[in-house]
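Reading through the structure tokens given below for one structure.
Please treat every number below as a calculation from the coordinates, not as lab data. Predicted model, so just to flag it, every value in this text is computed and none were measured. Cβ sites come from the backbone with ideal geometry, for glycine too, and all protein chains shown count toward neighbours.
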Amino acid sequence: TTRYVMLLHLPAGYTPALVRDALIAKIATLPDQLRRSLTWDQGSEMHLHGQFTQATGMPVYFCDPHAPWQRGSN
């Protein structure tokens, strides 16, 4: 809904563990009122989304396959 975008620099690759750790660190920089939920596509890099949710308290929602318009920005 907000169309707020944050980019992550992942020079070592985008394995699930690297993405999880980078997202946790980046989300911690947001004010509380912006930490409500995260919408992701079907990429395997979010395989550890449960651990991300445990660490941040933010639920992760996934778009339906072949429906990128369900995300805020492309």
Rounded to a whole number, the Stokes-Einstein D of region 31-74 in µm²/s (Kirkwood radius over Cα pairs; 25 °C; 0.890 mPa s) is 218 µm²/s
Go through region 6-20 residue by residue and turn each phi into a ³J(HN,Hα) via Karplus (6.51, -1.76, 1.60, θ = phi - 60°); whole Hz please, and just put x for glycine and proline.
10, 9, 10, 8, 10, x, 8, x, 10, 5, x, 5, 5, 5, 4
Of the candidates Cys63, Met6, Ser44, the farthest towards the positive dipole end of the chain (Lys/Arg Cβ +1, Asp/Glu Cβ -1, centred on the Cα centre) is Met6
Among Pro31, Pro16, Pro59: highest mean-square fluctuation, GNM of the chain, C-alpha pairs under 10 Å:
Pro31
Residues with amide H under 5 Å of Trp40's amide H, sequence separation 5 or more or different chain, H placed in the peptide plane at 1.01 Å from N; which?
Tyr61, Phe62, Cys63
Tell me what the chain gives for mean residue ellipticity at 222 nm when only DSSP H runs of n ≥ 4 count, each as -39,500 (n - 2.57), the sum divided by the residue total, rounded to 500 deg cm²/dmol.
-8000 deg cm²/dmol
Going through the chain, which chymotrypsin sites (Phe, Trp or Tyr not before Pro) have at most 11 other Cβ atoms within 10 Å and a DSSP loop state?
Tyr4
Debye, to nearest 20: dipole size of the chain, +1 on Lys, Arg Cβ, -1 on Asp, Glu Cβ
180 debye
Over the C-alpha atoms of the chain, what are the Rg and the largest Cα-to-Cα span, Dmax, in Å?
11.9, 32
